[in-house]
Amino acid sequence: MKKLLRNFLVLTAFISIFTFLSVGTKASTSSYKNTIDSFKVTTNSKYQPHAGKTFCNIFAQDVMKKLGTPLPDGPCSTILSKLKGNATTHWRSVSAVTAQNRANNGDSTIGITSDHIVVIYPHGNTAKTVGDLWMSMSGYKCFNNTSIRYAWTSSALSNVKFYSWY
């Protein structure tokens, strides 16, 4: 009986460790913030626009991969298509208010349209509207810890979809 119990406990521990490693880990708020900051999006040449191209999807994918919460591959339209309907494991649709709250708690969170994607930045604020969110992005210009109003026009903010890793 002791041997059976010991084997059960070992198996349970193994399954817990495997699950923990395979689904990504929740970052602390400071770890989430430090990971985003570590990419130095405002100065890193990899993310700067050039030759008429921008790299918002590459930046967001790089950040999320480092956090262990990978996004689907491809341009924004493909990422959005794969996220719609909660079709990508662990990524779930959330409201703008929930998006900022989750980022503030260290949860991987993005804002996306068919042509642009941002990483929601943990700013510590309580959002009441989409315009209250903070983000980091690569694009026409690169920003870190900045209002989401720099990513989309006021009229386009209502089209932004938000997703967070669960």
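Cβ-Cβ distances below 6 Å connect the following pairs, each with a first residue in the range 107-125 that is in contact (Cβ under 8 Å) with a residue 12 or more places away in the chain, a second residue that is outside any strand (DSSP E or B) and among the β-branched types (V, I, T), and a separation of six or more residues or different chains: S108/T69; G111/V160; T113/V160; V119/I36; V119/V63; P122/T29. Taken over the range 41-99, the criterion of being under 15 Å from Y140 (Cβ atoms), free of Cβ contacts under 8 Å to residues at least 12 places away in the same chain and either surrounded by 16 or more Cβ atoms within 10 Å (Cβ to Cβ) or hydrophobic (A, V, I, L, M, F, W, C) (or both) is satisfied by A51 alone.
Assess whether N7 counts as being at pLDDT 95 or above and either in a helix (DSSP H, G or I) or farther than 16 Å from Y166 by Cβ (or both). It is false that N7 is at pLDDT 95 or above and either in a helix (DSSP H, G or I) or farther than 16 Å from Y166 by Cβ (or both).
Considered as a group, the residues in the range 119-166 that are closer than 16 Å to T98 by Cβ and among the charged types (D, E, K, R) include one that is farthest from the chain's Cα centre (by Cα), and that residue is K128. When L83 is tested against the conditions (1) closer than 26 Å to K40 by Cβ; (2) in a helix (DSSP H, G or I); (3) of a type in the set (A, V, I, L, M, F, W, C), the lone failure is (1).
For P122, the conditions (1) touching a strand residue (DSSP E or B) at 6+ places or on another chain (Cβ under 9 Å); (2) surrounded by fewer than 17 Cβ atoms within 10 Å (Cβ to Cβ); (3) at pLDDT 95 or above; (4) closer than 26 Å to S28 by Cβ are fulfilled apart from (2). Of everything in the range 31-40 that is touching a residue at least 12 places away in the same chain (Cβ under 8 Å) and among the polar types (S, T, N, Q), the residue that is surrounded by the most Cβ atoms within 10 Å (Cβ to Cβ) is T35.
Residues being basic (K, R) and under 23 Å from S38 (Cα atoms) are represented in the range 57-69 by at least one member. Restricted to the range 145-166, and to residues there that are surrounded by 18 or more Cβ atoms within 10 Å (Cβ to Cβ) and among the aliphatic types (A, V, I, L, M), the residue that is nearest to P122 (Cα to Cα) is I148.
The values are calculated or read from the model by the stated rules, or taken from the named source; none is laboratory data. As the structure is a computational prediction, the values presented were derived from the model and not from experiment. Cβ atoms come from the backbone with ideal geometry, glycine included; neighbour counts cover every protein chain shown.
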